[in-house]
Amino acid sequence: MTEDTDIRLTEYSHGAGCGCKIAPLVLEDIIKTDAPQKAFKELLVGNGANDDAAVYQISETEAIISTTDFFMPIVDDAYTFGCIAAANAISDVYAMGGEPMMALAILGWPVDTLPASLARRVLEGARSVCATANIPLAGGHSIDSKEPIFGLSVNGRVQLAHLKQNNTAKEGDVLFLTKPIGLGILSTAAKRSQIEPEDLKVLYTQLTKLNNLGAQLGKIEAVHAMTDVTGFGLGGHLIEMAEGSNLTAIIDYQKVPKLEMIKKYIDLNIFPDATSRNWKSIEKKLTIESTVDVLEAFKLLPDPQTNGGLLIAVNPQNVDEICELFESNGYGDFIEPIGKLVAKEEKVMIVR
């Protein structure tokens with residue numbers, strides 16, 4: 001069998017990272033049901049919301065957050081793949097304003113095609129990220145599958161007063177994003193062996209960075225809504241926030257943080273297949289004004305992110321407090337708002 005170091009994991013999967021997600025319009029068709037659903041008063045967030053995780057109240061003051069996230073390799077290195085998948089899954093707890101408690105592994109592995117030693121490296125990567133998040137990787141489940149798959153089921157806790165959802169933004173809120181977009185484009189360049197070595201390092205850094213800032217943001221009352229930007233891209237997740245809050249988002253495209261090197265890959269026409277799929281789900285709900293490079297915006301706004309940044313809606317009177325928190329936690333590059341939420345207009349999102 002081929003040496004482990006010679007194996008490119010992305011060659012064994014048809015998708016990559018959160019770009020594997022089923023398209024929003026298809027997903028809606030899958031999960032809809034006409035069957036009566038029993039109500040659980042303790043279930044605060046469930047299938048009725050397009051949110052990051054389920055939330056179940058366990059006392060007068062506290063709730064459990066439960067989520068699961070898994071996908072096929074977005075990078076070739078097994079250890080890094082494990083790190084990315086773990087950070088991405090744990091992010092859902094942070095995006096609800098919570099603290100993670102415990103994780104279980106979800107592993108699908110083509111045992112006749114790829115060596116078990118590579119799967120072990122994937123788990124080692126996940127354990128390292130769980131250790132950074134100060135939680136145990138306490139067990140899990142594995143199957144023999146045609147393509148490599150990995151992710152986590154994560155449980156967390158949150159004080160009810162600190163719970164954040166993606167559909168509770170208020171008119172006038174300003175919007176912040178804590179990571180640059182373009183990760184889908186960069187990971188596609190890596191999969192096609194067209195990425196430059198220094199850019200690959202940037203990709204790995206972005207993909208493995210924990211969104212633990214979310215736990216601190218959860219404690220700030222002025223943060224009205226929060227979500228993490230993943231497979232549906234900034235456009236898709238912002239439309240979920242605005243539509244769920246019965247508002248319209250106005251985005252200053254120039255202020256949206258973008259990976260510095262991304263334009264050269266856009267000029268090479270490199271972007272994931274999921275970009276077009278995502279675009280079809282949002283195109284009727286947004287307007288891109290003529291001052292914006294429409295072709296670039298088409299490739300970046302629906303670009304599927306894996307372990308992307310936190311998208312935050314904040315009371316405009318408390319922007320200084322958020323900026324101070326960003327500065328003290330190493331997010332000084334993201335202190336400029338990318339837009340605002342206004343009263344509902346004909347379109348859900350306006351890009352100018």
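Observations
- At full extension, residue 342 and residue 47 could sit 103.5 nm farther apart than now, given 0.36 nm per residue minus the alpha carbon distance.
- Beta bridges by DSSP in region 193-352, antiparallel share as percent, to the nearest 5: 60 percent
- Residue 111 versus residue 124: modelled label distance in nm, points set 7 Å from Cα along the beta carbon direction: 2.1 nm
- For region 222-293, a crude dipole built from +1 on the beta carbon of Lys and Arg and -1 on the beta carbon of Asp and Glu, taken about the Cα centre, is about 100 debye to the nearest 20.
- Shape of region 266-313, Cα gyration tensor, a/c cut at 1.5: rounded
- Fraction of antiparallel bridges per DSSP, the chain only, in percent to nearest 5: 75 percent
- Annotation: for a label point projected 7 angstrom from Cα along Cα→Cβ of residue 246, residues of region 338-352 with backbone N closer than 19 Å are 341-349.
- Spin-label model distance (nm) - residue 143 vs residue 59, 7 Å beyond Cα toward Cβ: 3.7 nm
- Computed over region 227-327, the P(r) tail beyond 23 angstrom holds 28 percent of alpha carbon pairs.
- Efficiency of FRET from Cβ geometry, residue 295 and residue 170, R₀ 45 Å, rounded to 0.05: 0.85
- Across the accessible surface of the chain, with the other protein chains kept in place and a 1.4 Å probe, carbon and sulfur atoms take up 50 percent.
- Local electrostatic count at residue 344 - Lys and Arg +1, Asp and Glu -1, tallied over other residues with Cβ under 10 Å: -3
- In a simple Cβ point-charge model (Lys, Arg +1; Asp, Glu -1; nothing else charged), the chain has a dipole of about 400 debye relative to its Cα centre.
- When each full DSSP H helix of the chain is screened for a Cα extent of at least 18 Å along its own axis and an average Kyte-Doolittle hydropathy of at least -1.0, the helices passing are 78-95, 116-132.
- Summary of the geometry: region 136-179 and region 26-103, compared by the centres of their Cα atoms, lie 5 Å apart.
- Unit charges on C-beta of K, R, D, E only; dipole of region 132-206, Debye: 160 debye
- Selected from 234, 268, 137 as most flexible by GNM, with the chain as the system and alpha-carbon contacts under 10 Å: 268
- Computed over protein heavy atoms with a 1.4 Å probe, the accessible surface of the chain works out to 45 Å² per residue.
- Label-point gap, in nm, between residue 205 and residue 221 - each point 7 angstrom along Cα→Cβ: 3.8 nm
- For residue 52, neighbours were defined as the other residues whose beta-carbon sits under 12 Å from its Cβ, and their charges (Lys and Arg +1, Asp and Glu -1) total -4.
The values are calculated or read from the model by the stated rules, or taken from the named source; none is laboratory data. Just so it is clear, the model here is predicted, and its values are computed rather than measured. We place every Cβ from the backbone using ideal geometry, glycine too, and count neighbours over all the protein chains shown. To get the accessible areas, we keep the full protein, side chains included, count just its heavy atoms, and leave off ligands, DNA and RNA. Shrake-Rupley method; radii C 1.70, N 1.55, O 1.52, S 1.80 Å.
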